[in-house]
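Q: Below is the structure I would like to discuss, written out as structure tokens.
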Amino acid sequence: MFEITEREVLGDGSIIRNDIRAPRIAQKAKPGQFVILKATETGERIPLTISDTNPEEGTITVIYMVVGKSTVLFSALAAGDVYQDVIGPLGKPTDIEKAGTVVCVGGGTGIAVLYPITRGFKEAGNQVISILGARTKDLLLLRDKMENVSDELHLCTDDGSYGLKGFVTDKLKEVLDSRTVDLVIAIGPVPMMKFVSRLTAEYDVKTLVSLNPIMIDGTGMCGGCRVSVGGETKFACVDGPEFDGHQVDFDNLSRRLAAYEDQEKQTHREFCAIRDAR
Amino acid sequence: MAEKQAKKEKIPRQPMPEQNPDERRRNFDEVPLGYDENTAVTEAGRCLDCKKPTCVSGCPVEIDIPAFVKAIAAGDYSGAIGKIREKNSLPAVCGRVCPQEIQCEGECVLGKKGDSLAIGHLERFAADWERMHGTGKLPKKAPATGRKVAVVGSGPSGLTVAGDLLLKGHDVTMMEAFHKPGGVLVYGIPEFRLPKDIVAAEIEFLEKLGLQIELNTVVGRTVSLDELFEQGYDAVFIGVGAGLPSFLNIEGENLIGIYSANEYLTRANLMKGYRFPEYDTPMALGKNVVVIGAGNVAMDSARTAMRLGADRVRIVYRRSREEMPARAEEIHHAEEEGIEFHLLTSPVRFIGDENDRLTGMEVLQMELGEPDESGRRRPVPVEDSDYVMECDMVIIAVGASANPLLTRTDPEIWLDRRGYILIDPGTGKTTKKGVWAGGDIVTGQATVILAMGAGRIASDSIHNYLSWGW
Ligand SMILES: Cc1cc2nc3c(=O)[nH]c(=O)nc-3n(C[C@H](O)[C@H](O)[C@H](O)COP(=O)(O)OP(=O)(O)OC[C@H]3O[C@@H](n4cnc5c(N)ncnc54)[C@H](O)[C@@H]3O)c2cc1C
Ligand SMILES: Cc1cc2nc3c(=O)[nH]c(=O)nc-3n(C[C@H](O)[C@H](O)[C@H](O)COP(=O)(O)OP(=O)(O)OC[C@H]3O[C@@H](n4cnc5c(N)ncnc54)[C@H](O)[C@@H]3O)c2cc1C
Ligand code: SF4
Ligand code: SF4
Ligand code: FES
């Protein structure tokens, strides 16, 4: 059993932070790795990135967007409640190096994933420029934390409610035009990562993206998380989750993410109807 | 099968009562129902109690078959199970899933002229009788030695090592990556062939003996082998199975609707996807399903798809019937349930629609050519024989190989060319001091009983080591 030590609702209420007691994982986790959580006996195994760790307290932090049945179930857990299962740390850690100037681009809950990686690059002595984007102001997560680990922070919202009005790619283009960039890291919704990768390909700047296909075991035994990278099939849970953005087949990833859409919608709807009737 | 009565035998082989195919093809209840006492005693009476029982040499763990069968014939069921347990700690499992026709029953003298003794069915009977009527009394454990052993992986090899070493007085902790123990017995083999209650009962028994289980522990990630030694473990057994699914590496393999058997069966069995939405994990529901491969894994996938409501399920296999590796009983059961076999047929590519959803599979007809190195006649394509099979789901069951997750984290563990762990066959010792290995991670995907046999060899050696040193 894995106790939630702290819970916080972020943004417009659709994003939740949990600190979870998992001492072995807290000791081991490195930026870029994730855990798989299962709340109850009948629950689904859900991957979430480790956004932060506190090895002294033995806790890890996850930040997730409430999107379907499992995340709705998670969101019903209060501090003091438990996840039945938490497995990790899974995936390859980010290859943090001194590259020079690094641009960290984050969108939506991807910002939570980006934060420990950005911190890692900053600590490794890089010049870090962060560009964060979201639909609207409330969804711009971790602004303060990201500011602390960036030399420069740029914020964008689709609706102009905060920072620049526009997409992260607009700001990124400006940066790429104005100086030499050695590495771009882009984490967020699939279309965002796709367009960032397309842009940086024009400038021939190495780009890392973090992929989030549907997973079950997270240990390389089911092949459900397979993604096409440079024409080769890779398992995101063990070969990734980070890959060279210029090689990823994002369209196939998007479509594979929709594999269970009908069932997910049905169970989410029925579940919420039952919950609301109570 | 059972009807064919050899002249000299008075009693025919007793058939196993089974759920009728029309019903069972749509439910997940166990297919064979088990012998009742009368039938078991009658069947046991057929044994000739041979002086040189050839059956025993066909059993990888050399159960004293005539002795346990004689006990059943005499109505001494508790004596029977006691005899079996001397050699086999998972009899309810083995009685159900061993490929008996090529092991114990394949060597039974009765089989020379008629039908061999139904050793598997009798083993199952004794084990089920124990679960229902047994005293539940625990066997006596040797005095505590204070030595600590870590068993990595909770499949049949790990369970055997754990059981043996607990009885010898050692402290045993089992580490399992999944949230449930049992290995392939829980995530791979379906409920209708091996009810999960039976596996749970076996594991509970070991827990009563003192087994500690740490679930959700991925050795190599959550904790390394060296850290286990730092934590005070004196020996480690690795029984992590061969869990890496093979794909065909042909065009279109990442379309939606194409699954590895591992994924499909894990969703169904471990996550109980067949009970969606009561359980949260969704299952794809194919209407027109093709399963590629012809081993046990393929049969299990095909029969699961049928139970989940498919209109049509086809098995596609590039060789001929004789080469099909599945147990005879499973092939027979699959056929009875309406699964079609398309043999000498080889997939060429997958075809999808504009949303990347699978719509069909192009295949090529094969014919048997000259024998290859393995002595099997090699399938060769027939020219211009390709055609498209319409389908909305494909399950790929063409084998599995070594998962590098753990083995690659420790350079002291030497691997063979294909990534399996190298061991000393007589002891199960790896190249790293204090570490043993056995089961599918050494041999490649094999059988439950062979994994258990490997566990037995390793546990003997570990016990020697803990008593006398490396
Ligand atoms: C390595 C990795 C790290 C992730 N990190 C985060 C994170 O830090 N924060 C966050 O908000 N989200 C993260 N996700 C996505 C998160 O796992 C999904 O949002 C979640 O599984 C949705 O489940 P649901 O039942 O609530 O929604 P559903 O309605 O079931 O699904 C909504 C969508 O989520 C995706 N999804 C469903 N099941 C799974 C599954 N088992 N594995 C992966 N995706 C699935 C599908 O595209 C689906 O259409 C990560 C995913 C991966 C693979
Ligand atoms: C669908 C299917 C049907 C089969 N049918 C039959 C049959 O009818 N008869 C028969 O005799 N055999 C059958 N087999 C084969 C048989 O099940 C295997 O040979 C046997 O289970 C191998 O046992 P094992 O102990 O090597 O490991 P496994 O049973 O493979 O178990 C290994 C365990 O280790 C865990 N693990 C892996 N990596 C780690 C890690 N790093 N840290 C911690 N834990 C880890 C896994 O999660 C798993 O639980 C079948 C196999 C499958 C897949
Ligand atoms: S363990 Fe398997 S091979 Fe041995 S007697 Fe039992 S069924 Fe036969
Ligand atoms: S070989 Fe057959 S008949 Fe002889 S002892 Fe064994 S089971 Fe009985
Ligand atoms: S999640 Fe199963 S192989 Fe990656």
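Q: Quick check for me: using +1 on Lys/Arg Cβ and -1 on Asp/Glu Cβ, what's the dipole size of the stretch B:245-400 about its Cα centre, in debye to the nearest 20?
A: On the way: 17 positive and 28 negative charges, 104 e Å.
Dipole size: approximately 500 debye.
Q: Beyond 25 Å between alpha-carbons counts as too far, so tell me which of B:Lys70/B:Lys137; A:Lys28/A:Lys171; B:Lys83/B:Lys141; A:Lys98/A:Lys206; A:Lys28/A:Lys122 fall in that bin. Kindly include the intermediate steps, with their values, before the conclusion.
A: Values: B:Lys70/B:Lys137 23 Å; A:Lys28/A:Lys171 35 Å; B:Lys83/B:Lys141 18 Å; A:Lys98/A:Lys206 14 Å; A:Lys28/A:Lys122 20 Å.
In this structure, A:Lys28/A:Lys171 lie more than 25 Å apart at Cα.
Q: How much of the DSSP bridge set in the stretch B:245-400 is antiparallel, in percent, rounded to the nearest 5?
A: DSSP beta bridges in the stretch B:245-400 are roughly 50 percent antiparallel.
Q: Ignoring GluC sites (Glu not before Pro) that are buried or in helix or strand per DSSP, and keeping those with at most 15 other beta carbon atoms within 10 Å, what is the longest stretch of chain A between them?
A: A:98-278
Q: Let me ask something else. So between B:Asp36 and B:Cys50, what do we pick up on full extension, going 0.36 nm a residue minus the alpha carbon distance?
A: Here the answer is 2.5 nm.
Q: Still on this model: Relative to the first principal axis of the alpha-carbon coordinates of chain A, what is the inclination of helix A:110-123, with its axis defined by its Cα atoms, in degrees from 0 to 90 and to the nearest 10?
A: The angle comes out at about 50 degrees.
Q: Hey, quick one: spin label on B:Ser401, modelled 7 Å out along Cα-Cβ, who in the stretch B:421-449 has an amide N within reach, i.e. under 20 Å?
A: B:421-423, B:438-447
Q: Next question. List the longest stretch of chain B that has no exposed loop site; here a site is one of the GluC sites (Glu not before Pro) assigned by DSSP to anything other than H, G, I, E or B, with at most 10 other Cβ within 10 Å.
A: B:4-277
Q: Now, a different point. Going Cα to Cα from B:Lys432, which lysines come in below 21 Å? Please leave out same-chain ones fewer than 8 positions away.
A: B:Lys148
Q: Oh, and also: Suppose we compare each residue of the stretch B:179-223 in its chain alone and in the full protein complex with a 1.4 Å probe; which ones drop by at least 20 Å² of accessible area?
A: Correct list: B:His179, B:Lys180, B:Asn216, B:Val218, B:Arg221, B:Thr222.
Q: Output the pairs from B:Lys196/B:Lys287; A:Lys234/B:Lys287; A:Lys69/A:Lys234; A:Lys234/B:Lys272; B:Lys52/B:Lys429; B:Lys10/B:Lys52 with a Cα-Cα distance over 31 Å in this structure; if there are none, say none.
A: B:Lys52/B:Lys429
Q: Under the definition of Cα pairs under 8 Å and six or more residues apart, what whole-number percent is the relative contact order of the stretch B:245-400? Could you put the intermediate results ahead of the total?
A: Working: 334 pairs, mean separation 47.3, N = 156.
Averaging sequence separation for qualifying contacts and normalising by length gives 30 percent for the stretch B:245-400.
Q: Then there's this: Counting Lys and Arg as +1 and Asp and Glu as -1, what is the net charge of the other residues whose Cβ lies under 13 Å from the Cβ of B:Thr431?
A: Numbers: positive: B:Lys429, B:Lys432, B:Lys433; negative: B:Asp410, B:Glu412, B:Asp416, B:Asp424.
That sum, taken over residues with Cβ under 13 Å, equals -1.
Q: Residues of the stretch B:239-254 losing 40 Å² or more of accessible area relative to the isolated chain, 1.4 Å probe, heavy atoms only?
A: B:Phe247, B:Asn254
Q: Once fully extended, how much extra length lies between A:Thr40 and A:Glu123, figured as 0.36 nm per residue of separation less the alpha-carbon to alpha-carbon distance?
A: Working it through step by step, the gained length comes to 26.1 nm.
Q: Okay, next question. Specify the angular offset, from 0 to 90 degrees and rounded to the nearest 10, of the alpha carbon long axis of helix A:261-277 from the longest principal axis of the alpha carbons in chain A.
A: The angle comes out near 50 degrees.
Q: In the protein assembly as shown, what is the volume of the convex hull around the alpha carbon atoms, normalised per residue and reported in Å³?
A: Working: hull volume 137.9 nm³, N = 748.
Per-residue hull volume (Cα only) is 184 Å³.
Q: Additional query: Please report the equivalent ellipsoid semi-axes of the stretch B:245-400, computed as sqrt(5 x eigenvalue) of the Cα gyration tensor, largest first, in whole Å.
A: For the stretch B:245-400, the ellipsoid semi-axes come out as 26, 19, 13 Å.
Q: While we're here: Only sites in a loop by DSSP and with at most 16 other Cβ atoms within 10 Å count here; which trypsin sites (Lys or Arg not before Pro) in the stretch B:363-420 make the cut? Walk me through the numbers before you get to the answer.
A: Details: sites: B:Arg376, B:Arg377, B:Arg408, B:Arg417, B:Arg418; in loops: B:Arg376, B:Arg408, B:Arg417, B:Arg418.
Here the trypsin sites (Lys or Arg not before Pro) that fit, given the DSSP loop and packing criteria, are B:Arg376, B:Arg408, B:Arg417, B:Arg418.
Q: Another one. Percent of alpha carbon pairs in chain A separated by more than 28 Å?
A: Above the 28 Å cut-off, chain A has 34 percent of its Cα pairs.
Q: Here is a further query. In the protein assembly as shown, what percentage of the DSSP-assigned beta bridges are antiparallel, given to the nearest 5?
A: 50
Q: So, with a 1.4 angstrom probe, what is the percent of accessible area on the stretch A:2-90 that is carbon and sulfur?
A: 49
Q: According to the Kirkwood expression over distinct Cα-Cα pairs, how big is the hydrodynamic radius of chain B, in Å?
A: 23.6
Q: Please give the FRET efficiency for B:His332 paired with A:Arg135, using the beta carbon to beta carbon distance and R0 = 56 Å, rounded to the nearest 0.05.
A: 0.45
Q: Also: So if R0 is 41 Å, what FRET efficiency would B:Ile250 and A:Asp262 give, r being the distance between their Cβ atoms, rounded to the nearest 0.05?
A: According to the calculation, E is roughly 0.90.
Q: Let me have the relative contact order for the stretch A:94-209, percent, based on Cα pairs under 8 Å that are six or more residues apart.
A: 28
Q: Can you work out D for the stretch A:94-209 in µm² s⁻¹ from Stokes-Einstein, where Rh is the Kirkwood radius over C-alpha pairs, the temperature is 4 °C and the viscosity is 1.567 mPa s?
A: 95
Q: Considering only protein heavy atoms, with the full assembly of protein chains and a 1.4 angstrom probe, order A:Asp12, B:Asp234 by accessible area, largest first.
A: A:Asp12, B:Asp234
Q: Separate question: For the protein assembly as shown, give the magnitude of the charge dipole about the Cα centre (Cβ charges: +1 Lys/Arg, -1 Asp/Glu; no others), in debye to the nearest 20.
A: In debye, rounded to 20, the protein assembly as shown gives about 1580.
Q: Report the rotationally averaged projected area of the stretch A:2-90 based on its alpha-carbon convex hull, in square nanometres.
A: Across all orientations, the stretch A:2-90 yields a mean hull projection of 5.1 nm².
Q: Report the antiparallel proportion of the DSSP beta bridges in chain B as a percent, rounded to a multiple of 5.
A: Around 40 percent of the beta bridges assigned by DSSP in chain B are antiparallel ones.
Q: Next question. Return one whole number: the accessible area per residue of the stretch B:270-422 in Å², for a 1.4 Å probe.
A: Working: 6710 Å² over 153 residues.
For the stretch B:270-422, the per-residue accessible area is 44 Å².
Q: In terms of modelled amide H atoms, which long-range or inter-chain residues lie less than 5 Å from the amide H of A:Thr207?
A: Those lying under 5 Å, H to H, from A:Thr207 are A:Val184, A:Gly245, A:His246.
Q: Okay, moving on. Would you mind telling me the share, in percent, of accessible area of chain B contributed by carbon and sulfur at probe 1.4 angstrom?
A: The computed percentage sits at 51.
Q: Please name whichever of A:Thr71, A:Ile36, A:Thr61 sits farthest to the positive end of the charge dipole of the stretch A:1-91, dipole taken about the Cα centre and charges placed at Cβ: Lys and Arg +1, Asp and Glu -1.
A: So the residue furthest toward the plus end is A:Ile36.
Q: Over chain A, calculate the relative contact order: mean separation of alpha carbon pairs under 8 Å at least 6 apart, over the residue count, as a percent.
A: Details: 603 pairs, mean separation 44.7, N = 278.
Once divided by the residue count of chain A, the mean separation gives 16 percent.
Q: If you put +1 on each Lys and Arg Cβ and -1 on each Asp and Glu Cβ, how big is the dipole of the stretch A:2-90 around its Cα centre, in Debye rounded to 20?
A: Result for the stretch A:2-90 is approximately 320 debye, rounded to the nearest 20.
Q: Something else about it: Pick out which of A:Ser210, A:Ser130, A:Ser228 has the largest mean-square fluctuation in a Gaussian network model of chain A, springs linking Cα atoms closer than 10 Å.
A: The residue with the greatest mean-square fluctuation here is A:Ser228.
Q: Here's another thing I want to ask about it. Determine the total buried accessible area between chain A and chain B, counting protein heavy atoms only with a 1.4 Å probe; round to the nearest 100 Å². Please report the intermediate quantities before stating the final value.
A: Details: alone 13370 and 21580 Å², together 31150 Å².
Result for this pair: about 3800 Å² buried.
Q: Which one, B:Ile351, B:Gly34, B:Ile457, is farthest towards the positive end of the dipole of chain B when Lys and Arg carry +1 and Asp and Glu -1 on their Cβ?
A: B:Ile457
Q: Measure off 7 Å from each Cα along the Cα-to-Cβ vector at B:Arg378 and A:Asp177, then give the distance between these two points in nanometres to one decimal.
A: Computed distance between label sites B:Arg378 and A:Asp177 equals 6.1 nm.
Q: Could you put A:Leu253, B:Leu422 in order of accessible surface area, largest first, with the 1.4 Å probe and the full protein assembly present?
A: My answer, sorted largest first, is B:Leu422, A:Leu253.
Q: Label-point separation (nm) for B:Asn355 and A:Gln27, each offset 7 Å from Cα along Cα-to-Cβ?
A: About 4.8 nm separates the two model spin labels.
Q: Near A:Ala29, within a Cβ-to-Cβ distance under 11 Å, what is the net charge of the other residues, with Lys and Arg +1 and Asp and Glu -1?
A: +3
The values are calculated or read from the model by the stated rules, or taken from the named source; none is laboratory data. Just so it is clear, the model here is predicted, and its values are computed rather than measured. Cβ coordinates were reconstructed from backbone atoms using ideal geometry, including for glycine residues, and neighbour counts include every protein chain displayed. For the accessible areas, the whole protein counts, side chains as well, though only heavy atoms, and no ligand, DNA or RNA atoms are used. Shrake-Rupley method; radii C 1.70, N 1.55, O 1.52, S 1.80 Å.
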